[in-house]
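Reviewing the structure listed below.
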There are 2 protein chains.
Amino acid sequence: MSTLENNSWQNIQGELSRRIIMRVWQPGEQIPNEADLAVEFGCARTTVNRAMRELANAGLVERRRKAGTRVALNPIRKATLEISITRQEVERRGAQYSHILLERQIKRPPRLISSQMKLVDKAKLLQLKTLHLADNQPFMYEDRWVNPDAAPEILQADLSEISANEWLVQNAPFSDGDISFFAINANKKEAENLAIDEGTAIFIIERMTKMGETAITLVKLAYAPGFKMHTTI
Amino acid sequence: MSTLENNSWQNIQGELSRRIIMRVWQPGEQIPNEADLAVEFGCARTTVNRAMRELANAGLVERRRKAGTRVALNPIRKATLEISITRQEVERRGAQYSHILLERQIKRPPRLISSQMKLVDKAKLLQLKTLHLADNQPFMYEDRWVNPDAAPEILQADLSEISANEWLVQNAPFSDGDISFFAINANKKEAENLAIDEGTAIFIIERMTKMGETAITLVKLAYAPGFKMHTTI
DNA sequence: ATTGATATTATGTATGCACATAATAAATTG
DNA sequence: CAATTTATTATGTGCATACATAATATCAAT
């Protein structure tokens with residue numbers, strides 16, 4: 001097969017990844033340099049470079065200056081999860097969204113929380129407990145701590161109208177954060193709120209967002225049984 | 001602050017995302033076009049384009065030809081999960097990896113499985129049940145179906161030496177697949193294998209990989225309690 | 001006014017060239 | 001021969017230019 005006149009970096013990326021996936025180029029093997037490939041494909045080196053760059057951050061190849069490019073030994077595939085706000089998540093399932101603010105108080109958090117958020121021990125936080133509903137059925141129970149220093153206006157916000165989740169997304173920009181996913185047996189409180197039996201396995205997402213070094217919010221989301229997080233690779 | 005002589009697309013990306021995060025440019029707001037920004041930053045339009053492109057697939061801005069670029073209304077942050085092989089996952093935790101092949105048989109799968117893999121009903125599959133250990137403690141229990149049409153050599157492979165997981169990664173290239181994450185209460189079999197009580201909440205990853213339209217393998221990974229999947233955004 | 005053709009505009013891509021940078025290989029020096 | 005310096009090489013980036021493409025705006029004709 002002649003690969004000439006496959007200009008456009010997309011086509012070239014396609015052909016390159018085909019060769020890798022079909023093992024034309026074996027894992028660990030060095031592949032031709034950009035200049036040579038440019039000649040083969042009848043295009044500029046820049047174009048090959050663009051295609052290669054995409055392959056590199058897809059994890060299919062590893063590149064090092066002077067050393068060249070080689071097929072990744074164990075191509076670490078990356079799945080990407082979209083972190084959207086709960087209302088959208090519910091509406092995407094074709095259900096009607098609503099939420100109830102169950103608790104709202106300002107107090108000193110447990111040690112575990114303040115250390116996780118790297119706050120001084122005496123700092124007071126806003127604690128919010130919210131139940132998210134899909135078609136009036138419990139969908140997710142949210143237990144959130146907010147650092148009022150990082151987002152003072154939230155103390156005035158009416159969080160029964162707009163959920164804390166949504167308010168923060170719109171009003172409290174964050175630079176980075178981390179997320180954990182795990183499973184737990186529902187405790188009494190969680191079971192009560194989600195209207196399930198105590199001990200039922202529930203899916204948990206724990207997320208902390210920060211602005212630079214300052215923690216903005218730490219939240220634990222407990223999804224009702226049957227929830228599946230899905231994505232493609 | 002003069003933003004002149006901030007060449008290099010990284011610096012420009014940094015400055016642009018700073019303006020977005022700091023709400024200099026509000027969500028939904030249209031931002032200056034590439035040509036104007038190129039003038040402001042004293043660089044070529046190509047360079048601004050590069051920076052913008054990165055912001056776009058980070059989900060911070062939305063771009064449309066002629067319409068221009070605007071700050072994303074609800075910046076959908078994407079978390080990326082690295083799908084690595086279990087041995088590496090265990091070793092990264094500083095534990096010693098081992099695995100036991102518990103069952104190996106060729107049979108017709110349940111309807112649910114064959115429909116999920118989009119196979120004809122009468123197709124036979126290789127079923128493999130593997131227990132993965134970290135420092136000789138149960139770490140994860142794997143229940144896997146492999147389509148021998150897609151990877152015939154696996155029938156000859158010695159899967160007590162190298163795990164099916166690892167064998168497939170190295171020998172059966174895939175083009176795409178999908179993953180689900182959820183929580184279940186351990187059934188009798190899972191409890192037994194993971195040495196836990198029946199009903200304990202366990203974290204499940206279900207993954208199917210395909211080569212084009214052909215399903216290669218469908219696997220259900222049941223992680224021992226305490227497992228947390230972690231990433232950053 | 002609605003429809004349809006045409007111009008305009010911002011982003012998207014390709015190219016040739018130049019130079020920067022990191023890593024390696026080769027050459028030189030003690 | 002080991003250690004250090006100096007070339008060499010492949011990727012990384014920036015720029016000017018050109019043209020492609022998609023979406024919108026403008027204008028003409030019915």
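The values are calculated or read from the model by the stated rules, or taken from the named source; none is laboratory data. Since the structure is predicted, the reported quantities are computational estimates derived from the model, not experimental observations. Positions of Cβ are generated from backbone atoms using ideal geometry, with glycine treated the same way; all protein chains shown enter the neighbour counts. Surface areas here come from the heavy atoms of the whole protein model, side chains and all, with no ligands, DNA or RNA. Shrake-Rupley method; radii C 1.70, N 1.55, O 1.52, S 1.80 Å.
Observations, loosely collected:
- From its DSSP helices (H runs of at least four residues, each -39,500 (n - 2.57)), the protein assembly as shown gives a residue-normalised ellipticity at 222 nm of -7500 deg cm²/dmol.
- Against the main long axis of the alpha-carbon atoms of chain A, helix A:45-57 sits at an angle near 40°.
- Accessible area buried at the A-B interface, both sides summed, 1.4 Å probe (Å², nearest 100): 4200 Å²
- GNM result for chain A, Cα springs below 10 Å: residue of A:ALA51, A:ALA222, A:ALA183 fluctuating most strongly: A:ALA51
- A simple spin-label model places pseudo-atoms 7 Å from Cα toward Cβ; at A:LEU102 and B:GLN170 they are separated by 4.9 nm.
- Contact order normalised by residue count of chain A, Cα under 8 Å, 6+ apart, percent: 15 percent
- Measuring nothing but how far apart in sequence close Cα pairs (under 8 Å, 6+ apart) lie, relative to its length, region A:134-233 scores a relative contact order of 35 percent.
- Label-point spacing at A:HIS230 relative to the other copies reads 3.0 nm, in ascending order, each point sitting 7 Å out from Cα along Cα→Cβ.
- In order along region A:147-154, the phi-based Karplus estimate (6.51 cos²θ - 1.76 cosθ + 1.60, θ = phi - 60°) of 3J(HN,Hα) comes to 7, x, 5, 7, 8, x, 5, 5 Hz; Gly and Pro are listed as x.
- Position B:ARG93, label points 7 Å along Cα→Cβ, spacing to each other copy in nm (shortest first, one decimal): 2.9
- Karplus (6.51, -1.76, 1.60) ³J(HN,Hα), θ = phi - 60°, over region B:63-72, in Hz, Gly and Pro reported as x: 10, 9, 4, 6, 6, x, 10, 9, 5, 4
- A convex hull fitted around the alpha carbon atoms of region B:80-184 yields 130 Å³ per residue.
- 19 Å reach of a label modelled at B:THR80, 7 Å along Cα-to-Cβ, counting backbone N of region B:21-55: B:50-55
- Position B:ALA195, label points 7 Å along Cα→Cβ, spacing to each other copy in nm (shortest first, one decimal): 4.1
- Surface exposure of region A:9-71, expressed per residue as accessible area with a 1.4 Å probe, stands at 55 Å².
- Mean separation of Cα contacts under 8 Å, 6 or more apart, over the residue count of region B:77-169: relative contact order %: 28 percent
- In region A:183-197, comparing the full protein assembly with the chain on its own, the residues that lose 20 Å² or more of accessible surface at a 1.4 Å probe are A:ALA183, A:ASN185.
- Alpha carbon centroid spacing (whole Å) that separates region A:104-178 from region B:17-35: 26 Å
- Acute angle (nearest 10 degrees) that the helix A:9-21 long axis makes with the longest principal axis of chain A, alpha-carbon atoms: 90 degrees
- Set B:LYS122/B:LYS220; B:LYS118/B:LYS228; B:LYS122/B:LYS210; A:LYS188/B:LYS188; B:LYS107/B:LYS189; A:LYS78/B:LYS66 screened for pairs whose C-alpha atoms are more than 26 Å apart: B:LYS118/B:LYS228; A:LYS78/B:LYS66
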